[in-house]
Amino acid sequence: MPFEDVDEQGFSFDRFALFPRRQSLLKDGVPIRVGGRVLDILASLVERHGEVISKSELMASVWVGVTVEESNLKVNMAALRKALGDDAGAARFIATVTGRGYRFIAPVTRIRAAEVATLQSAPAEPNHNLPITTGRVFGRSDTIRAIADDLGNSRLISVVGPGGIGKTTVALSVAETKMGDFPDGVWLVDLSPLSDQTLVASAIAAAIGMTTDSPKILATLCEHLRDRRMLIVLDSCEHVIGYAAQCAGAILSHAPHVRILATTREPLRVAGERVRRLTGLEYPVATDLDAAGANGFAAVQLFVDRTADHLETFSFGDAEAPVVAEICRRLDGHALAIELAAARVSTFGVRGILEQLDDRSSLSLAQRGGPPRQHTLAATIQWSYDLLPEVERTIMVRLSTLSGWFGLDAAGHIGADDELDRGQVLAGLASLVDKSLVTAELRGMDVEYRQWDTTRAFAQ
């Protein structure tokens with residue numbers, strides 16, 4: 001439907017048209033889904049294109065009469081750059097002027113609504129509820145591509161790994177690539193807030209927009225999905241694993257055109273499930289690298305990128321490279337741990353972060369955003385630990401005395417006592433592997449095991 005006011009004034013730049021009064025941004029005449037704050041930031045920049053606008057000015061014009069932290073501006077600026085396809089490192093639209101603010105650098109033309117042939121008054125009803133990604137994804141391109149391909153052959157893919165490793169990031173990236181493949185939409189179901197696992201079916205129904213008063217919610221949900229072609233992303237299944245598996249199995253049995261992508265710390269164990277385990281980002285083993293060599297590793301790229309987000313003056317050179325490489329190695333390429341460490345560089349410096357890792361202070365590194373279970377690295381591990389039965393907690397603690405890789409004999413020797421025999425210890429070890437608290441690697445004819453250094457520090 002065209003705009004009612006064809007004389008409304010707007011701005012044109014590159015392939016985009018912006019109409020601030022109606023809060024509408026179009027690319028090639030097609031509306032782009034972005035939030036109101038993002039559009040307000042863009043309008044402020046475009047209206048004064050060519051000028052440097054300070055962060056304080058932007059925040060005052062966008063959050064009128066409200067005091068907000070600068071992080072709000074950074075998050076919305078990242079979302080804006082993503083919507084425009086802009087790269088902060090090689091900006092085409094929004095340039096960062098270090099220490100001063102931002103400047104809109106693309107040529108801008110004033111236009112009227114009537115000049116945009118296919119202009120619409122509002123975006124079409126979206127057929128997804130995926131959040132706007134605000135940060136770059138490092139080292140996961142091959143994994144994302146492989147899982148997207150898997151969805152063509154398997155109806156249930158479980159992305160399995162320890163807390164904070166990047167499962168949700170990968171799943172959302174996969175889901176974004178598949179939005180055009182499912183006519184009835186791609187829907188994210190965040191299960192992390194659920195304290196009652198019997199509400200899993202209700203959470204799925206709410207996410208896909210189904211309303212019902214039926215007491216048999218799962219049966220009604222399955223009937224609703226029977227003829228639909230849809231991708232459902234079940235995020236954070238581990239604490240409701242039983243009901244998540246039950247719902248996934250029922251949906252797959254009754255709705256042949258529905259695909260499910262799950263993130264979890266252990267497999268759902270549903271018929272037809274394809275498990276894709278996520279490990280840490282690649283990090284340098286050697287520490288005598290220069291900046292160019294270190295920057296070839298995804299873990300280092302993530303650390304440098306996130307540090308720059310928090311500290312505009314951060315410079316990654318040859319002097320910092322060995323220290324950053326060692327930080328990433330100490331953190332096993334663990335994405336959340338690296339992000340938490342990077343956020344503290346502005347306070348402690350790069351060498352100060354490494355010194356904290358020496359005394360195991362990494363577990364207290366914190367952030368404000370995200371779910372509470374990821375506010376600190378300790379909280380992330382605690383979330384998994386609390387879900388364990390008592391016998392597996394005991395085995396996890398005993399295995400933490402083993403550094404590096406170990407075999408079944410070592411696990412049985414250190415874990416068994418008068419109360420736990422070797423068989424129970426090895427069964428517990430297998431369960432800890434399933435739950436991503438111990439990693440396993442096939443080496444020749446044997447399997448070797450290892451706890452993440454951060455998990456060992458927690459258990460000790």
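The values are calculated or read from the model by the stated rules, or taken from the named source; none is laboratory data. These numbers were taken from a predicted model, which means no experiment stands behind them. A quick note on method: Cβ atoms are made from the backbone with ideal geometry, for glycine too, and the neighbour counts reach across all protein chains shown.
Of note:
- Pairs, first touching a residue at least 40 places away in the same chain (Cβ under 8 Å) in segment 189-201, second assigned to a loop (DSSP other than H, G, I, E, B) and surrounded by fewer than 16 Cβ atoms within 10 Å (Cβ to Cβ), C-beta under 7 Å, six or more apart: 192/371
- Here no strands (runs of 3 or more DSSP E) wholly within segment 212-298 include at least 3 residues being touching a residue at least 60 places away in the same chain (Cβ under 8 Å), of a type in the set (S, T, N, Q) and assigned by TED's automatic domain parsing to the domain that holds residue 168.
- Applying the set (1) farther than 25 Å from residue 161 by Cβ; (2) touching a helix residue (DSSP H, G or I) at 6+ places or on another chain (Cβ under 9 Å) to residue 299 leaves exactly one unmet item: (1).
- So residue 302, is it under 25 Å from residue 435 (Cβ atoms), modelled with pLDDT of 90 or more and in a loop (DSSP other than H, G, I, E, B): no
- Once segment 8-64 is narrowed to residues that are small (Gly, Ala, Ser) and assigned to a loop (DSSP other than H, G, I, E, B), the residue that is farthest from residue 107 (Cα to Cα) is 35.
- Boolean, residue 154 is over 26 Å from residue 275 (Cα atoms), surrounded by 14 or more Cβ atoms within 10 Å (Cβ to Cβ) and either at pLDDT 90 or above or among the polar types (S, T, N, Q) (or both): no
- Of all residues making up segment 136-168, the number that are outside any helix (DSSP H, G or I), more than 15 Å from the chain's Cα centre (by Cα) and of a type in the set (Lys, Arg): 1
- Looking at 264, 177, just one residue is within 19 Å of the chain's Cα centre (by Cα) and surrounded by 21 or more Cβ atoms within 10 Å (Cβ to Cβ), and that residue is 264.
- Scoring residue 279 on the criteria (1) crowded, with 20+ Cβ neighbours inside 10 Å; (2) in contact with a Ser or Thr (Cβ under 8 Å, 6 or more places away or on another chain); (3) among the hydroxyl-bearing types (Ser, Thr, Tyr) leaves a single failure, condition (1).
- So residue 441, is it assigned to a strand (DSSP E or B) and outside the structural domain of residue 238 (by TED's automatic domain parsing): yes
- Among (1) closer than 30 Å to residue 196 by Cβ; (2) modelled with pLDDT under 90; (3) touching a Gly at 6+ places or on another chain (Cβ under 7 Å) - the single one residue 435 does not satisfy: (3)
- Residue in segment 235-246 that is polar (S, T, N, Q) and crowded, with 19+ Cβ neighbours inside 10 Å present: yes
- If the condition is being among the small types (Gly, Ala, Ser), part of a helix (DSSP H, G or I) and over 19 Å from residue 455 (Cα atoms), then segment 395-423 contributes 412, 423.
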